[in-house]
Amino acid sequence: MLSIAKPESTTHARWHEILSADGAARPLYQEVLGTLRGMSPVEIRGMEDRMAAILREMGVTFDMIRDNPWGRHPWSCDLLPQIFGPEEWTLIVQAFRQRLRAFEALLADVYGPCEILRAGVIPVQAVRGSPNYVNASVGLPRPRDAYLHLSGMGLARGAGGELQVKQHHFSYAMGMSFMLQNRRALARVAPELFATAAVQSLTESSVLMLEQLREAAAAFGDEPMVVLLSPGTNTAVSSELSFLARRMGMPMVQGGDLLVLEDCVWLKTVRGLEKVEVIFNCVPDAWLDPLVFRRDSTLGVPGLVHCLRKGTVALVNGVGSQLADDRSLLAFTTRIISFYLREAPIIPTVPTLWMGDIDQREFALENLQQWRICPLFPSQLTESAAHAIFKNEETLTSEVRRNPSCYVAQAHGDGATTIGFEKGRAHEHTQDHIVYAVRSGTGFDILPGALTRVMEDAGALGEHNREWKSKDTWVLSTPDTDLLMPRLARRTPDAHLPARQVTSRVADAFYWMGRYLERAHSQAYLISVVETLETEELNSAERKHYRPMWNRLLPPIEKHAGTSRRSISNRIDRYRLVLLQEPGSVVRTVLRAISNAESVQDSLSPEAWATINELRARFQRTRFRNTIAESDAVRVTRRMADATTQLIPQFFAVAANTMLADDGWRFCETGQMLERAIITANATISISNSFTSHNEAGGQHKTELELSAFLRLLGTRDAYRRIYQMRAEPAHVLALLWQDAEVPRSVVRCLARCADLLGRSVVADGTATDAPAAIERLIQQIRRVDWTSFVHRPEDEDRLAHLSADEVEPVLRSRELEPLLRRMLGSTLELHTVIGDSFLNHQARIAQFGQPMLRGWQGNERRA
């Protein structure tokens, strides 16, 4: 018999989803629960660990952890799925379609003739007083003349097991990608569970959504440009939106990636400006257009509403649709359905009272133990504010009386009890569900699954428990449910599909990700070599030649990065340089690379992202300690340096074999190659004196030792010996590191690779050719340098010995070597600006457009 840990307290009676009254498994769960019952706690714990690891690899996160530099709260999925049988699923599909039809009619009415308000069916304040009521939506064109296209609906069970509607997510289908990823993760961790039931597939759900988005803009042609507008990476659902964009093959953009020119919306890409026809919007209406709504918004696109009025772009879901999600309208759902459809609700709403009505408010406040107070807009409450409001009945009552229209009360007992696994043991928790729908013509297709949320009892005063797990949700495949499944329209592929566009912001993030990863790898490799030399290879005489150059080889810190006492002279300094979060440290550089990777996660392959996640996990598990024994510091330093030098090349190799070789990835490689060229150029300057020290006493032997050490620290000593098969000589070392086309660290090889990569991103009319041309000019300048005129070879000793000091100077131009190296380093650094001006900035292209619509437009928009 399965041992189940009961909740510490259960205030209200709830329906048990899994077990019947006698403790036996319900018929739907007998086989899958029997499979899990046959496993030991150790096996269950192992499966839980694999589930957590897979979700980390997939990059599935939900909530930001403030003051934590390592990112977000990890997503979790339980091993026991939620199962819907055919009869219940048929009921859900019918009820969902009914509500969507009713609320589509409501939105068209309240932004039009307002018949429902004139009839007094629902209070005017519940509609016009809502912050989600958008006056600008009146008369605004909509795709298919509809507000709702991608929607969600929250479900929960009552005390008798009956399904009830808990909340509407009609304007934004939150959690849709989590539903899909739960299925992927559970199928990988526990495929044996799927052998016990025929489960409807979710595989083509993302394709269905993309098809319907394209269909929403059929007037723009067969292949409209579709983008997903995200509020940014610093949001709780950024990984969700990233996954959706990747699965649907569309660019995920932010407000700054779009601009309005000549009454149209344009996407800023590395190949120029591309016209956008469809926007899958995930930004709240209030932040969508600072020229119409909130003026302080940086999330939206100035002028977007104007383009919607002109009909040059379609927005899904429509502006104003968020009104349908107001919890205040839940209290009037029966009236709304009856008014527009002349029907009774197929699935009733959880008993809901709107606090804006004085009678309902007083009834709820006098019976708080029977009601759970919920804010209409929970996302607008901070953690601290929610805690202050809901900490006791007195503060809650005071807040509700002060702002009554901002709260509703819902009866306790919604949400069934379910079984979840934690640390190998079964526990009981409450759960609810969100199901999803996609518009198909004039109707809706319901996706065969749901996001099932498993949480603790929120208690009497509110529902602010953010620590919840999820479950994969199964819809059993039967003849009845098969008839309800969405049908994909099989489109004929277009032989002239537009190239997949990469935004300038994404290219810039890839570019800096490449630079930071190469910089971190260079630092870590240098530290790794130094540790090896110090502990295993160097005698005291050799250390005398190696140590002076160690600190000079550290890559320069970028401007305005702050102060840092970077050093690798001793073991504690090297430990500090690896793990202390200060400018120029390995961990800080890795964090910057990861931040850029997160902003383009939708463009990274899952395999490449898994490698980045592994690098993050290594540093997350190993934190800097102010007091540490020197022996421990050495061990930690070597382990982390080795991990960095292994995982960063692994990332580039995996990405090159699993990602599209598009403009985004090319910019990552460009950043890597440019950073490597800069590091090599800076390194040669750091020991320029060693190239010209032959004239000093014992200079030739000293130079040979220093140059050998130098090549070892740069990882090019073996390459030098393979090519020259002799001891290190200044002219040969300079030629190797600057001019050799076969050496990986050679400046010419790195720059030639940059020119080749950027040349593939040049637009057809050649408007972005400045960067490749500038790189080619620099390569030719470097190749023309004759290093023997700046440093002499051993065979020149006799000839130089017979010349006077005045005669030696023209032959040996040693004083000109360092200025020459600095000029070439400066030219290499300037390529960064050239690349940005050629591909990432759009001022020159924007200047070609007129902006007649901006003149006097704001006033017209307000009057509209």
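The values are calculated or read from the model by the stated rules, or taken from the named source; none is laboratory data. Computed from a predicted model, the values in this text were never measured in an experiment. Here the Cβ is made from the backbone with ideal geometry for all residues, glycine too, and neighbour counts use every protein chain on show. Calculation scope for accessible area: heavy atoms of the full protein, side chains included, ligands and nucleic acids excluded. Shrake-Rupley method; radii C 1.70, N 1.55, O 1.52, S 1.80 Å.
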Breaking point among (1) more than 19 Å from the chain's Cα centre (by Cα); (2) crowded, with 23+ Cβ neighbours inside 10 Å; (3) not aliphatic (A, V, I, L, M), for G272: (2)
Filter result (under 20 Å from A773 (Cβ atoms) and aliphatic (A, V, I, L, M)) within the range 815-824: M824
G413 being modelled with pLDDT under 90, part of a loop (DSSP other than H, G, I, E, B) and open to solvent by less than 10 Å² (accessible area, probe 1.4 Å): yes
Residue in the range 171-196 that is farthest from R453 (Cα to Cα), counting only those that are over 23 Å from the mean Cα position of the chain (by Cα), open to solvent by 30 Å² or more (accessible area, probe 1.4 Å) and of a type in the set (A, V, I, L, M, F, W, C): A195
Residue list for the range 216-265, filter: assigned to a helix (DSSP H, G or I), open to solvent by less than 10 Å² (accessible area, probe 1.4 Å) and modelled with pLDDT under 80: S239
Test: residue in the range 541-555 that is in a helix (DSSP H, G or I), modelled with pLDDT of 90 or more, crowded, with 18+ Cβ neighbours inside 10 Å and aromatic (F, W, Y): no
Residues of the range 327-338 classified as open to solvent by less than 10 Å² (accessible area, probe 1.4 Å) and among the small types (G, A, S), total: 1
Number of the exception - R183 against (1) closer than 19 Å to D472 by Cα; (2) in contact with a helix residue (DSSP H, G or I) (Cβ under 9 Å, 6 or more places away or on another chain): (2)
Filtered residue count, the range 10-59, keeping only those that are among the aromatic types (F, W, Y) and open to solvent by less than 50 Å² (accessible area, probe 1.4 Å): 1
Residue that is aliphatic (A, V, I, L, M), outside any helix (DSSP H, G or I), open to solvent by less than 20 Å² (accessible area, probe 1.4 Å) and modelled with pLDDT under 80, where the choices are A709, A728, A697: A728
Residue within the range 742-749 that is at pLDDT below 85 and assigned to a loop (DSSP other than H, G, I, E, B) present: no
Where F624 falls short, out of the listed (1) under 26 Å from the mean Cα position of the chain (by Cα); (2) among the aromatic types (F, W, Y); (3) more than 30 Å from L229 (Cβ to Cβ): (1)
Any pair with Cβ under 6 angstrom, 6 or more apart, that starts in the range 340-359 at a residue that is surrounded by fewer than 18 Cβ atoms within 10 Å (Cβ to Cβ) and ends at one that is at pLDDT 90 or above and not aliphatic (A, V, I, L, M): I346/Q94; I346/Q98; P348/Q164
Which listed residue is β-branched (V, I, T), modelled with pLDDT under 90 and within 21 Å of R157 (Cα to Cα), from I373, I347: I373
Qualifying residues in the range 145-170 (those that are open to solvent by 10 Å² or more (accessible area, probe 1.4 Å) and polar (S, T, N, Q)) - the one modelled with the lowest pLDDT: Q167
Among residues of the range 280-326, those that are over 27 Å from S242 (Cβ atoms) and either open to solvent by 10 Å² or more (accessible area, probe 1.4 Å) or free of Cβ contacts under 8 Å to residues at least 60 places away in the same chain (or both), counted: 8
Close pairs (6 angstrom Cβ cut-off, 6 or more residues apart or separate chains): over 21 Å from T611 (Cβ atoms) in the range 633-645, surrounded by fewer than 19 Cβ atoms within 10 Å (Cβ to Cβ) and among the β-branched types (V, I, T) anywhere: A633/I572
A655 small (G, A, S) and under 27 Å from the mean Cα position of the chain (by Cα): yes
Test result for Q646, among the polar types (S, T, N, Q) and either open to solvent by 60 Å² or more (accessible area, probe 1.4 Å) or more than 30 Å from L229 (Cα to Cα) (or both): yes
Inter-residue pairs, beta-carbon under 6 Å, first over 13 Å from L714 (Cβ atoms) and in the range 525-540, second at pLDDT below 75 and in a helix (DSSP H, G or I), 6+ apart: none
Total residues in the range 567-597, condition open to solvent by less than 20 Å² (accessible area, probe 1.4 Å), at pLDDT 90 or above and either over 21 Å from E630 (Cβ atoms) or among the acidic types (D, E) (or both): 5
Candidate set: the range 658-694, residues that are under 29 Å from the mean Cα position of the chain (by Cα) and polar (S, T, N, Q); chosen: the one modelled with the lowest pLDDT: T658
Candidate set from the range 197-215 (those that are open to solvent by 40 Å² or more (accessible area, probe 1.4 Å) and within 23 Å of the chain's Cα centre (by Cα)); member that is farthest from S477 (Cα to Cα): V207
Residue list for the range 423-454, filter: touching a strand residue (DSSP E or B) at 6+ places or on another chain (Cβ under 8 Å), open to solvent by 10 Å² or more (accessible area, probe 1.4 Å) and more than 26 Å from G158 (Cβ to Cβ): R425, R439, D445
Filter result (closer than 12 Å to Q780 by Cα and open to solvent by 10 Å² or more (accessible area, probe 1.4 Å)) within the range 739-748: Q739
Among residues of the range 813-845, those that are of a type in the set (S, T, N, Q), open to solvent by 20 Å² or more (accessible area, probe 1.4 Å) and modelled with pLDDT of 85 or more, counted: 2
